[in-house]
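Encoded as structure tokens, the structure appears first; notes follow it.
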Amino acid sequence: METTSSGQLFQRLRKQGYHLVGKHSAVKACKWAGCALRREGKCYKHAFYGIESHRCVQCTPALQFCTLSCRFCWRMMPEISKRVPYEPALICGTDAQAPMKPPDGLGRLEISPEEKWQKLPTDFEWDDAGTIIDGLLMGQKKLVSGFGAFADKKMFGEALAPRHAAISLTGEPTIYPHLGELICEFHKREMTTFLVTNGTLPQQIRKLEAEKRLPTQLYVSMVAPDEKTYLQTAQTEDKRLWKNYLETLEILKGIGKCHRTALRMTLVKRLNAGTRNTQPETLTCWSERSETALMAGAPTPEPQDNSMKARVAPTCHRNCIDGYAKQIELAKPWYVEVKSFVYVGGARKEERGLCLNDMLMMEEVREFAKLLAEKTGYIIAAEHAPSRVVLLCRNENAAEGRIIKHA
């Protein structure tokens, strides 16, 4: 079986603009940062929460190290079947070449996901939080400097002094054992933080809460409406991951009593959206230019006349809405982001089985959000059409307080 070697993987990551930091971290300038610097638009996080796109550090402390292999993920993760088990360079970011044998017993199904994904070779040492942040911020400056010739001068100066960290670039960040220290270190530098987790390691969330080291806003990815769809979408047979996710939702409910929380959806037709593939065939033509435009925030074509809009009318199944609504009721997050999958990056791999038409049109996203709001009592507060996302808020207080203000 062909595998993805560390050298090939890291070469591709660097080519895509990743700045690797230490053994297991990375930063990448978001396409929206470039758009903002050229005054060509900003990320949906600006529209929803006031985050300045050009001052946002998109990063990870767990490069290429995840508990899931979601079919819709755009990140350049090797498929589970092609990963080299426990190769140092693949999971730790080193330059070692020889694969390492997994510790005894890690190939057995009865070993918990936490042990399987967190138990590393005995001689491995995680980078400390301070060193990681120094490297991330240095890398961000190098990446941003590439926009200097085309950027608004005032905004370019601001971009060199970032104010926000989105710990969501790739991998599962809660695997990093010093995540609380990393978050605190960002806060000490007067930066706000968004942490995005898939929720499969609930004990790590409990640890952040117990240590009072929670991020400014804690996100959990809501992958599917039910267990069967979850296992298919996340490409796993381990049912404990679904149970772990539900446990994380219960933890989120407690955290959300006094702290900002969010559930983030990535909807895919024929997979987790409960919709038929009804997009017009005219959108099936794809090119590298199309991908670049999407990643930069440009929307794909929407129907212009009523007859075509009728052809792409939303067809959400009620049981799908019910499944998501139950999870929202369990977690009671401040915010729910209802977003369409985007056919870019790793999501275009043939083995994922997805296509451009699996993206929801903006009208379909709106309809899905409307049905979900009716079912949960949440409020539709904002939308960002270029990203095909709608924001739901728990109540008026959450809606009025959604904009984060820096000192």
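Return LYS375, LYS243, LYS45 ranked ascending by Cβ neighbour count within 10 Å, so the fewest neighbours appear first.
LYS243, LYS375, LYS45
Using the Karplus curve 6.51 cos²θ - 1.76 cosθ + 1.60 with θ = phi - 60°, work out ³J(HN,Hα) for each residue of the stretch 173-182 in order, rounded to whole Hz, and write x for Gly and Pro.
My calculation for the stretch 173-182 gives x, 6, 5, 5, x, 10, 4, x, 5, 4 Hz in order.
Assign one of three labels to the stretch 354-407, namely rounded, prolate or oblate, based on the Cα gyration tensor with a ≥ b ≥ c the square roots of its eigenvalues; rounded applies when a/c is under 1.5, prolate when it is not and a/b is larger than b/c, and oblate otherwise.
Here the stretch 354-407 falls in the oblate category.
Any idea how far apart HIS178 and LYS326 come out in nm if each label point goes 7 Å out from Cα toward Cβ?
4.2
Percent of Cα-Cα pairs more than 25 Å apart in the stretch 174-286, please.
Percentage above 25 Å: 34.
Please report SER387, SER145 as a ranked list, fewest other C-beta atoms within 10 angstrom at the top and most at the bottom.
Going from sparsest to densest Cβ surroundings: SER145, SER387.
Ranking TRP242, TRP334 by Cβ neighbours within 10 Å, fewest first, what do you get?
Fewest to most other Cβ atoms nearby, the residues stand as TRP242, TRP334.
Between ALA382 and GLN11, what's the calculated FRET efficiency when r is the beta-carbon distance and R0 is 30 Å? Round to 0.05.
0.15
The numbers here are math on the coordinates, done by the rules we state, and not lab data. Computed from a predicted model, the values in this text were never measured in an experiment. All Cβ positions, glycine included, derive from the backbone under ideal geometry; neighbour counts span all protein chains shown.
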